[in-house]
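The values are calculated or read from the model by the stated rules, or taken from the named source; none is laboratory data. These numbers were taken from a predicted model, which means no experiment stands behind them. We place every Cβ from the backbone using ideal geometry, glycine too, and count neighbours over all the protein chains shown. For the accessible areas, the whole protein counts, side chains as well, though only heavy atoms, and no ligand, DNA or RNA atoms are used. Shrake-Rupley method; radii C 1.70, N 1.55, O 1.52, S 1.80 Å.
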Amino acid sequence: VTGGLLLLAGISINVWAERQFRRAGVGVRPFSPAPVVVESGPYRFTRNPMYVGLVAICLSVALLCGVPLNAWTAVAYAIWLHRRFVLPEEQFLLRERGEAYADHARRVPRWLI
């Protein structure tokens with residue numbers, strides 16, 4: 001049940017976040033042009049809802065397969081996403097959006113905490 005709920009949550013968060021980007025005219029691919037800082041929808045709770053959704057999906061697979069010990073893959077995936085995408089994207093957004101992004105970063109957590 002937990003795995004199914006996590007899968008549903010991860011997919012829902014990704015769809016919701018993607019729609020917010022599309023409405024604002026922001027590219028979904030990493031390092032796409034960012035004409036605005038999106039602060040609505042899931043971006044009120046985390047600066048990286050798509051990555052949160054992906055990690056939730058990864059964790060859900062471990063649980064749905066009945067091997068909870070494989071939850072370490074979700075942790076490893078989160079670390080990889082953080083280093084490979086989150087940190088470089090933050091620098092990119094600071095260059096692109098300057099103080100608008102810096103203000104958003106001060107108010108909204110990078111992940112969920």
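If Lys and Arg each add +1 and Asp and Glu each add -1, what is the summed charge of the other residues whose beta carbon sits under 12 Å from the beta carbon of residue 20?
Values: positive: 19, 22, 23, 44; negative: 18, 39.
Residues close to residue 20 contribute a combined charge of +2.
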Compute the acute angle (0 to 90°) between the alpha-carbon long axis of helix 87-97 and the principal axis of greatest extent of the alpha-carbon atoms of the chain; round to the nearest 10°. 30 degrees
Within the range 44-93, what whole-number % of the accessible surface is contributed by carbon and sulfur, with the 1.4 Å probe and all protein chains included in the calculation? 72 percent
In degrees, nearest ten, helix 2-24 long axis to first principal axis of the chain (Cα): 20 degrees
Give me the angle, in degrees from 0 to 90, between the Cα long axis of helix 49-64 and the longest principal axis of the Cα atoms of the chain, rounded to the nearest 10. 0 degrees
What does the charge dipole of the chain about its Cα centre add up to, to the nearest 20 debye, if the Cβ of each Lys and Arg holds +1 and the Cβ of each Asp and Glu holds -1? 80 debye
Under 5 Å between amide hydrogens, which residues at least 5 positions from residue 110 or on another chain qualify, with H placed 1.01 Å from N in the peptide plane? 47
Quotient of C-alpha Rg and 2.2 N^0.38 Å, computed over the chain: 1.10
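What whole-number value in Å² describes the accessible area per residue of the chain for a 1.4 Å probe? Can you show the working numbers first?
Working: 6840 Å² over 113 residues.
Result: 61 Å² per residue.
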